[in-house]
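Structure first, commentary second.
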Amino acid sequence: MITGSTAGIGAAFARKLAADGHDLVLVARDTERLREQATELHDRHGIEAEVLAADLATDDGIEAVAARLGDRKNPVDLLVNNAGFGNKGLYLEVPLADELRMLKVHCEAVLRLTSAAAGAMRERGRGGIVNVASVAAFVPRGSYGASKAWVVQFTQGAARDLAGSGVRLMALAPGFVRTEFHQRAGMGTDGIPNWMWLDADKLVAAALTDLARGKTLSIPDPRYKALMGAAKLVPRGLLGGISSRTGRKYGPR
Ligand SMILES: NC(=O)c1ccc[n+]([C@@H]2O[C@H](COP(=O)([O-])OP(=O)(O)OC[C@H]3O[C@@H](n4cnc5c(N)ncnc54)[C@H](OP(=O)(O)O)[C@@H]3O)[C@@H](O)[C@H]2O)c1
């Protein structure tokens, strides 16, 4: 199951897993787009793709997806909690309701879906969960970075608690990836240098290799591994000055 499967990183997970012959459960809000994606993946790879339209910013949406994860007759072997977004603006420019919506999708939905999946997986003694965070988790970067820091800490803590159960949990921390993310958030990307952009398909391949190796945190690509290593050595004040500015230019409201 992939949440946020219809665009960007989620779509890259769907392509890769379908190409490897896995049946899929596709989750996002746009039903029409989900149906088109399911048909295309079925036609191209001969797999069955189930469509589950749900808004993970709502209790009903989270409950519907959690119920599917808890279906013991039709088990899910791998959950990718990928759905996410950025809000347009710096702290206090973003309405509080939008901040809370982000926490609901990035944190509450991830906690509830991970719990539904991990419970069923532990009974079977196997399964994998990838929670998509961001390198923003490791640097000062608004409430977006804070929500992704929660994803990393939660996932690595849960992975430790479930060690030996057969259930693998891994946080995935991508750098900048060209997807619909920045446009949806109204972020200008001109200030982000070319070398900082990652390819979604390569990112997913690296993430799945890391999951197979049993890692609990995946930072694909040597550029970002080096950057995150360097970030630990830079004074926090200087780091915050750089990280909270990079790629955070917003268009008109
Ligand atoms: N792109 C980057 O540079 C980058 C870097 C680091 C981390 N990430 C993280 O990677 C993940 C995927 O981002 P992306 O860049 O691939 O974004 P994207 O291209 O904008 O795709 C977002 C996907 O999530 C779905 N979605 C959004 N809100 C949802 C909701 N409330 N309920 C259910 N589905 C929802 C969207 O479909 P619908 O609109 O139809 O719901 C879409 O399928 C996010 O968690 C993001 O924070 C991205």
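Just so you know, all these numbers are worked out from the coordinates, no wet-lab data involved. Quick caveat, the model's predicted, so the values are computed rather than measured. As a convention, Cβ positions derive from the backbone with ideal geometry for all residues, glycine included, and neighbour counts pool all protein chains shown.
Find the percent of Cα-Cα distances in region 1-46 that exceed 13 Å, and round it to a whole number.
46 percent
Over 28 Å apart: what share of the alpha carbon pairs of region 1-148 falls there, rounded to a whole percent?
Tail fraction, whole percent: 20.
In Å and from the alpha-carbon atoms only, list the Rg and Dmax of region 50-130.
Over region 50-130's Cα set, Rg and Dmax evaluate to 14.4, 47 Å.
Find out how many positive minus negative residues lie around A28, taking Lys and Arg as positive, Asp and Glu as negative, among other residues whose Cβ is under 13 Å from that of A28.
-2
Would you mind estimating how fast the chain diffuses translationally, via Stokes-Einstein at 4 °C and 1.567 mPa s with the Kirkwood radius over Cα pairs, in µm²/s?
70 µm²/s
What aspartates and glutamates sit close enough to K88 to cross-link, taking a C-alpha to C-alpha distance under 15 Å and skipping anything fewer than 8 places away on the same chain?
D98, E99, E180
Could you work out the local net charge near F154, counting Lys and Arg as +1, Asp and Glu as -1, over the other residues with Cβ closer than 14 Å to its Cβ?
Here the count lands on +1.
Which value at 222 nm does the chain reach when only helices count, each DSSP H run of 4 or more adding -39,500 (n - 2.57), with the total divided by all residues and rounded to the nearest 500 deg cm²/dmol?
The per-residue figure over the chain is -14500 deg cm²/dmol.
Over region 145-253, with a single point scatterer placed on each C-alpha, what log10 of the ratio I(q)/I(0) does the Debye formula yield at q = 0.14, 0.19 1/Å?
-0.69, -1.16
Could you tell me the center-to-center distance, by alpha carbons, between region 1-72 and region 137-167 in angstrom?
Each part reduced to its Cα centre gives a spacing of 23 Å.
In region 42-103, which trypsin sites (Lys or Arg not before Pro) fall in coil by DSSP and have 10 or fewer other Cβ atoms within 10 Å?
Of the trypsin sites (Lys or Arg not before Pro), the ones in loops of region 42-103 whose Cβ has at most 10 other Cβ atoms within 10 Å are R72, K73.
Sum up the charges of everything whose Cβ sits under 15 Å from the Cβ of D43, counting Lys and Arg as +1 and Asp and Glu as -1, but leave D43 out.
Residues near D43 contribute -1 overall.
Can you order the peptides 142-151, 238-247 by their average number of other Cβ atoms within 10 Å per residue, highest first?
Going by the mean number of other Cβ atoms within 10 Å, highest first, we get 142-151, 238-247.
Is region 94-182 best put as rounded, prolate or oblate by its Cα gyration tensor, with a ≥ b ≥ c the root eigenvalues, rounded for a/c under 1.5, and otherwise prolate when a/b is larger than b/c, oblate when not?
prolate
For the pairs K16/K249; K16/K104; K202/K232; K16/K232, flag any whose C-alpha to C-alpha distance is greater than 30 Å.
K16/K249; K16/K232
Let me know the longest stretch in the chain that avoids all GluC sites (Glu not before Pro) found in a DSSP loop with at most 13 other C-beta atoms within 10 Å.
94-179
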